[in-house]
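Q: Please read through the structure below; I'll follow up with questions.
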Amino acid sequence: MGDQMEEIGDRAFYGCTTLSYLRLGHALHTVGTEAFTGCNALTEIYLPDTLMTIGADAVGWKLEPETNQRVKNDALTMYCNSKPAMSYAETLGIRRKALPDAENTKPAPEVTEQPKHKSGSFLFSDPAYRAGLIGTGLSSLLVLSALIFRKKRKG
C-alpha cells in the first residue's frame, strides 16, 4: 500500500479472500481491529517500523468458508521490527521475521505521473493509485474501489 497511508481502519479488508501478500507503507502508524481478518490467502505481511498500534485480531485469522468461524492462519509470516507488531505476533503465535533493512530505510519514490485509467465513475487519483492494493482477483479490486470512494466522499 502507498507510503502516504497513516491508518487502516477496523475491518477494512475483512474477508478479502484473494489478498495474498501485503507491504504496508512507511507512514502507517495504526492497523485497526480485524483489519485483515478473513484474508485467507494472506501468507506475507510487511509492517513498517512506524507502526505504533495494532488492533485486536487485526491479522493472522482465516475464516472457515462454511461456518465463518475464525481459525489461525498458520501460513502467515509477519515481517516487522516495531514492538507492538512483534508483541502481537508473539502473543498469537504468528511466525515473525525481522523486517529487512532494505524494506524499512526509505519510502518508495513518489509517483509523479497521473494515471490515465478510469473505473466506472471513479478516477484513480495519484494518492489512491500509490495506495494500490497488492493482490489478485475481483475482491481486491472492489475493496480498493471502496477505499477510493470513501476517500472522495471525505475529501
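Read-outs: derived from the displayed coordinates by stated rules, not from any lab. Model, not experiment: these values are computed from the prediction. Using ideal geometry, Cβ is built from the backbone for each residue, glycine included, and neighbour counts are taken over all protein chains shown.
Q: Calculate the FRET efficiency for residue 91 and residue 4 from the Cβ-Cβ distance with a Förster distance of 22 Å, rounded to the nearest 0.05.
A: 0.15
Q: Sorting 71, 31 on the 10 Å Cβ count, fewest up front, what's the list?
A: 71, 31
Q: I would also like to ask the following. For labels at residue 71 and residue 29 in the simple 7 Å Cα→Cβ model, what's the distance in nm?
A: Taking the two extended label points, one gets 3.9 nm.
Q: So if we plug the beta-carbon distance of residue 64 and residue 44 into 1/(1 + (r/R0)^6) with R0 = 30 Å, what FRET efficiency do we get, rounded to 0.05?
A: The value I calculate is 0.85.
Q: Would you mind checking which residues have amide H under 5 Å from residue 95's amide H? H placed 1.01 Å from N; only 5 or more apart, or other chain.
A: 78
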